[in-house]
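Student: This is the structure, below, for whatever I ask next.
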There are 2 protein chains.
Amino acid sequence: MADNDENTIFIGGKPFMNYVTGVVMQFTTKGAKEVTIKARGKFISRAVDVAEVATRRFLKEHGIEIKDIKINSEEFKNKEGKNVNVSTMDIVLVKK
Amino acid sequence: MADNDENTIFIGGKPFMNYVTGVVMQFTTKGAKEVTIKARGKFISRAVDVAEVATRRFLKEHGIEIKDIKINSEEFKNKEGKNVNVSTMDIVLVKK
């Protein structure tokens, strides 16, 4: 569980390169075999950008590839107490 | 080729339900076995929303499921003539 949490990068509103560096360092400095990039709603586009930049620009020579991409929906209550659905995405990167 | 084009929905800035209806009708009215939802850049989040709403809310009883999700990068020249990368996504839905 702790191991899983460490290998997960949640995409939000911080500067773009923070997330790219986070992914790259998991593989290079921390020796992770698998890293999951997670995002919800509008941050999904960003998660794809992070995965693409990390794998193509920085991790090419490290043999990192996309293992799996999953999409899903989560229901939550908004401020008005209404049930709202938000899409979620998991991009799993793996070291070959 | 013509068949492939017909079964592809490109996500852009039109009203959200246009795209959902487009996907749903490909399967229900036009009898498609496979539909691909394509998007680039910021429209990727929207493509995931379209796939989720179409499959969960409208196509549940039709046995439609996600077959494959692919992400990629495309290079293009922006207005200033600079090479810029944009992420792309294909979500392939299939009738079981």
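The values are calculated or read from the model by the stated rules, or taken from the named source; none is laboratory data. The shown structure was predicted, so the numbers you read here are calculated from the model rather than taken from an experiment. Backbone-built Cβ (ideal geometry, glycine too); neighbour counts: all protein chains shown. Ligands, DNA and RNA are stripped out before the accessible areas are found, and what is left, the full protein with its side chains, is counted by its heavy atoms. Shrake-Rupley method; radii C 1.70, N 1.55, O 1.52, S 1.80 Å.
Each row is one residue, and each column tells you yes or no for (1) surrounded by fewer than 17 Cβ atoms within 10 Å (Cβ to Cβ); (2) of a type in the set (Phe, Trp, Tyr).
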| residue | (1), (2) |
| --- | --- |
| A:GLY12 | yes, no |
| A:PHE43 | no, yes |
| A:ALA51 | no, no |
| A:ALA54 | no, no |
| A:ASN85 | yes, no |
| A:ASP90 | yes, no |
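Student: Kindly indicate the residue of the range B:33-53 that is in a helix (DSSP H, G or I) and of a type in the set (Asp, Glu) and also farthest from A:ARG46 (Cα to Cα) among those meeting that condition. Give the steps one after another, and end with the answer.
Tutor: As a first pass, look at the range B:33-53 and keep what is in a helix (DSSP H, G or I): B:41-53.
Next, from what is left, pick out any that are of a type in the set (Asp, Glu): B:49, B:52.
Working: B:ASP49: 15, B:GLU52: 18 Å.
Result: B:GLU52.
Student: What number goes with the only condition from (1) at pLDDT below 95; (2) among the polar types (S, T, N, Q); (3) open to solvent by 50 Å² or more (accessible area, probe 1.4 Å); (4) in contact with a helix residue (DSSP H, G or I) (Cβ under 8 Å, 6 or more places away or on another chain) that A:ASN4 does not pass?
Tutor: Unmet condition: (4).
This table checks each residue for (1) part of a helix (DSSP H, G or I); (2) over 11 Å from the mean Cα position of the chain (by Cα).
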position	(1), (2)
B:GLY13	no, yes
B:GLY31	no, yes
B:THR55	yes, yes
B:GLU61	yes, yes
B:GLU65	no, yes
B:PHE76	no, yes
B:VAL92	no, no
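Student: Working carefully through the options A:ILE71, A:ILE64, find the one that is open to solvent by less than 70 Å² (accessible area, probe 1.4 Å) and at the interface with chain B (Cβ under 9 Å from one of its Cβ atoms).
Tutor: It is A:ILE71.
Student: Being modelled with pLDDT of 95 or more and aromatic (Phe, Trp, Tyr) is the filter here, so list the residues in the range A:41-93 that pass it.
Tutor: A:PHE43
Student: Kindly evaluate A:PHE76 against the criterion of being aromatic (Phe, Trp, Tyr) and either open to solvent by less than 10 Å² (accessible area, probe 1.4 Å) or in contact with a His (Cβ under 9 Å, 6 or more places away or on another chain) (or both).
Tutor: Values: aromatic (Phe, Trp, Tyr): yes; either open to solvent by less than 10 Å² (accessible area, probe 1.4 Å) or in contact with a His (Cβ under 9 Å, 6 or more places away or on another chain) (or both): no.
In short, no.
Student: Here's a follow-up. Restricting to the range B:24-43, what's the tally of residues that are more than 14 Å from chain A (Cβ to nearest Cβ) and touching a residue at least 12 places away in the same chain (Cβ under 8 Å)?
Tutor: 10
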